[in-house]
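These notes are about the structure you will find just below.
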Amino acid sequence: MKHSLFLHVSLGLAALSQGLHAQTATTHAGVQYLGSGSYLSTPNNTVTTEKFSRPSGLAIDNNGILYITDEHNVLLIEGSNTRIRAGYLGDPNEPGAIGTDDGTGTVSRFFAPAGMAVSSANDLYVCDRFNHTIRKVSKFVNASNGQIVSTYAGKASFTGGHKDGTLGAALFNEPADCVFDGSGNLIVVDFFNDCIRKVTSNLVSTLCGSPGNTGSNNGTGSAARFYAPSGLCLESSNTILVADKNNDAIRRVNLSTGAVTTVLNTGISSPNDVQVVGNSIFIIENTCIKVYNGTSVSLFCGNATTPGYTNATGNQARFEQLRQVVYSAANNCLYVTDEGNNVIRKVTLNPAPTVDFSASPTSATVGQTVILKENTQFGETFNWSITPANYTLLNGSTLNSKTVYLSFTTSGTYSVTLNASNPSGSNQASKSNYINISNISGVAPAANFIADKTSAAINEEVSLIDQSSNNPTGWSWSITPSTFTFEGGSTASSRFPKVKFTAAGTYSVSLTASNGVGPNTASKNNYITIGGSTSIRDFNPLQMGVYPNPAAGKIQVNISGTTGASTLRLFALDGREVSSWSGLLTGRHAIDLPAALGNGFYLMRLENGSHTQQTRLHLVR
């Protein structure tokens, strides 16, 4: 069998700290068991002892309290406590456990409550699925004040139906989920009616879909078709996304016009719910969570074909009959109801990148160094596109570098696009006609330069970057005092010299740039400050790059900054050391990965004396 090896690598402790928590599934509340029917007869319990019975719906109120429905209750989590706020306080299989009763707290009854929505007033609206109604639960004040349950819309019946009209006369058929739009209207997924309903302050209407007519047609209003729509989320103030379960699709609904379009109908299977986070769309299937970045679908957490119960990262996690999802911005995570395991799971994540970049300068001459620098949040890998392609990359940079040095060979205007990605998705930013290049001949250069850092330690490398305009062809650098060395084969006549300073103090730098017309000099006095550390070893000299190797089952590790043999250790995220390699020196090393090493995230640590360097590794064979 052929194997392809994908490594997602992120160097640096800050990125490592974020990355280790991406896509990690844990149990947030409940005691795991298979089947249904377990319960606690006490209304207030802890999240680690609570027993749910087929948990289904989720919602977060305006105070950050998480609400949960199971087959006969409405509960909430306040801190580390779960509290049954409505429904029967006892065995869900007893004759009195289900019903249509309104009332305060546990006097009320439900019949398989499902999805929920929170109003601006912090009241909770619940799809009481098998009663075919929408119930209202008054806002939570504190644990000692009961919440009042009333029937908000729909007429309770045994079989359900479809009828538009006043709140009390309308009929639903297994309403499964709901959300408030930007105008305060309640939008409801009417599961067995295969349509989307709109509930205003006094009226229920059918927004789109045709009751009794299944299909996958896009269209407006009654011309559109759904097949068992099961979950929804608000995408914008005027659009929702719908998990169209039996069409294996995610659909978009314009709430003003009722127009339905298809967002995605490949790469997903029987979606139960959907959630937008930034520019990513998370799709909830029975045993996994997938993510759509606007271009492609990928597995985010769990396994599409293998159920189970495992708290782990990425595709090592296991779920059993996921139902609904809600995003917590405060905790940067998804909460999902794992109905088959009777628990609430928490999946932490990094948001998709927010992309921005800058150029310096944006007006330059042919041959002048222009610097492109990413200013992206949560970006881990980068790809630049510059059009037209009349440029030369400089100073060892590539189109995948965070900072790109380049010069343009032809006058004109240039557009730049940066795409950034991380395990949660990708995003891009474009700036049209962003850089203006002119061609000036017959004049001497206008010398200019910068340093990549103006404060450094003794023996820490500093790069000097020429930014002279008007086509210089020669460069001469002068640095005072003279307690420095040129590094990496660079000299005083290099365009981009690398320098190490061997004594503390402040240094002045001058650059004379010349061409056939003449020279020009730029000077910066007391430009670079060097601290008093005696060795760069105090700043952790170890550097490690990890790359895929074309040979199956191998990775390539590039090591620099060592003063002797190093040890490379590989750890699982639970802290277990799974492999190690000793005696590695500076240079490139092809490392054989253990054949039994499973897919997922690992921590790789390079050790040399008192110094370490770490990287996160994402392995997919």
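What to note about this one:
- Taking the stretch 421-435 as the range and being buried (at least 16 other Cβ atoms within 10 Å of the Cβ) and either within 30 Å of Asn520 (Cβ to Cβ) or among the hydroxyl-bearing types (Ser, Thr, Tyr) (or both) as the test, the residues that pass are Ser421, Ser424, Ser426, Tyr434, Ile435.
- Index of the failed condition, Gly168 passing every other in (1) open to solvent by 40 Å² or more (accessible area, probe 1.4 Å); (2) in contact (Cβ under 8 Å) with a residue 24 or more places away in the chain; (3) touching a Lys or Arg at 6+ places or on another chain (Cβ under 7 Å): (2)
- Check on Arg109, buried (at least 19 other Cβ atoms within 10 Å of the Cβ), of a type in the set (Lys, Arg), at pLDDT 95 or above and over 18 Å from Lys346 (Cα atoms): yes
- Residues satisfying the stated conditions in the stretch 186-229, i.e. touching a residue at least 40 places away in the same chain (Cβ under 8 Å), within 28 Å of Glu71 (Cβ to Cβ) and not in a strand (DSSP E or B): Phe191, Pro211, Gly212
- Hey, Thr82 open to solvent by 40 Å² or more (accessible area, probe 1.4 Å) and closer than 24 Å to Val47 by Cβ or not: no
- Considering Val499, Val462, the condition of being surrounded by 17 or more Cβ atoms within 10 Å (Cβ to Cβ), without any contact (Cβ under 8 Å) to a residue 40 or more places away in the chain and within 25 Å of Gln368 (Cβ to Cβ) is satisfied by Val499 alone.
- Scope the stretch 477-512; condition touching a Pro at 6+ places or on another chain (Cβ under 8 Å) and closer than 20 Å to Thr365 by Cα; matching residues: Thr512
- The stretch 114-159, subset open to solvent by 40 Å² or more (accessible area, probe 1.4 Å) and assigned to a strand (DSSP E or B), residue farthest from Val204 (Cα to Cα): Ile148
- Test: residue in the stretch 193-200 that is farther than 21 Å from Leu255 by Cα, in contact with an Asp or Glu (Cβ under 6 Å, 6 or more places away or on another chain) and either open to solvent by less than 50 Å² (accessible area, probe 1.4 Å) or aliphatic (A, V, I, L, M) (or both): no
- Candidate set from the stretch 264-314 (those that are part of a strand (DSSP E or B), surrounded by fewer than 18 Cβ atoms within 10 Å (Cβ to Cβ) and not hydrophobic (A, V, I, L, M, F, W, C)); member that is modelled with the lowest pLDDT: Ser298
- Test for Arg345: is it open to solvent by less than 20 Å² (accessible area, probe 1.4 Å), outside any loop (DSSP other than H, G, I, E, B) and without any contact (Cβ under 8 Å) to a residue 40 or more places away in the chain: no
- Here the stretch 48-79 is the region considered, the condition is being over 28 Å from the mean Cα position of the chain (by Cα) and part of a strand (DSSP E or B), and the residue that is surrounded by the most Cβ atoms within 10 Å (Cβ to Cβ) is Val74.
- Any chance Thr82 is in contact with a Ser or Thr (Cβ under 6 Å, 6 or more places away or on another chain), among the hydroxyl-bearing types (Ser, Thr, Tyr), under 21 Å from Lys139 (Cβ atoms) and modelled with pLDDT of 95 or more: no
- Gly35 being closer than 21 Å to Ala114 by Cβ, modelled with pLDDT under 95 and either surrounded by 15 or more Cβ atoms within 10 Å (Cβ to Cβ) or of a type outside the set (D, E, K, R) (or both): yes
- Residue check for Ser438: farther than 26 Å from Thr362 by Cβ, touching a strand residue (DSSP E or B) at 6+ places or on another chain (Cβ under 6 Å) and surrounded by fewer than 22 Cβ atoms within 10 Å (Cβ to Cβ): no
- Hey, Asp338 surrounded by fewer than 22 Cβ atoms within 10 Å (Cβ to Cβ) and acidic (Asp, Glu) or not: no
- Within the stretch 63-74, one or more residues are within 28 Å of Asn422 (Cβ to Cβ) and modelled with pLDDT of 95 or more.
- Residue in the stretch 575-596 that is open to solvent by 40 Å² or more (accessible area, probe 1.4 Å), among the aliphatic types (A, V, I, L, M) and at pLDDT below 70 present: no
- The residues in the stretch 230-254 that are small (Gly, Ala, Ser), open to solvent by 10 Å² or more (accessible area, probe 1.4 Å) and either in a strand (DSSP E or B) or touching a helix residue (DSSP H, G or I) at 6+ places or on another chain (Cβ under 9 Å) (or both) can be counted, and the count is 2.
- Criterion violated by Val443 - all others in (1) over 24 Å from Ser407 (Cα atoms); (2) open to solvent by 40 Å² or more (accessible area, probe 1.4 Å); (3) assigned to a loop (DSSP other than H, G, I, E, B); (4) not hydroxyl-bearing (Ser, Thr, Tyr) satisfied: (1)
The values are calculated or read from the model by the stated rules, or taken from the named source; none is laboratory data. Predicted model only: the values in this text are computed from it and were never measured. With ideal geometry, Cβ positions are generated from the backbone for all residues, glycine too; neighbour counts draw on all protein chains shown. The protein model used for the area step is the full one, side chains on, heavy atoms only, and it has no ligands, DNA or RNA in it. Shrake-Rupley method; radii C 1.70, N 1.55, O 1.52, S 1.80 Å.
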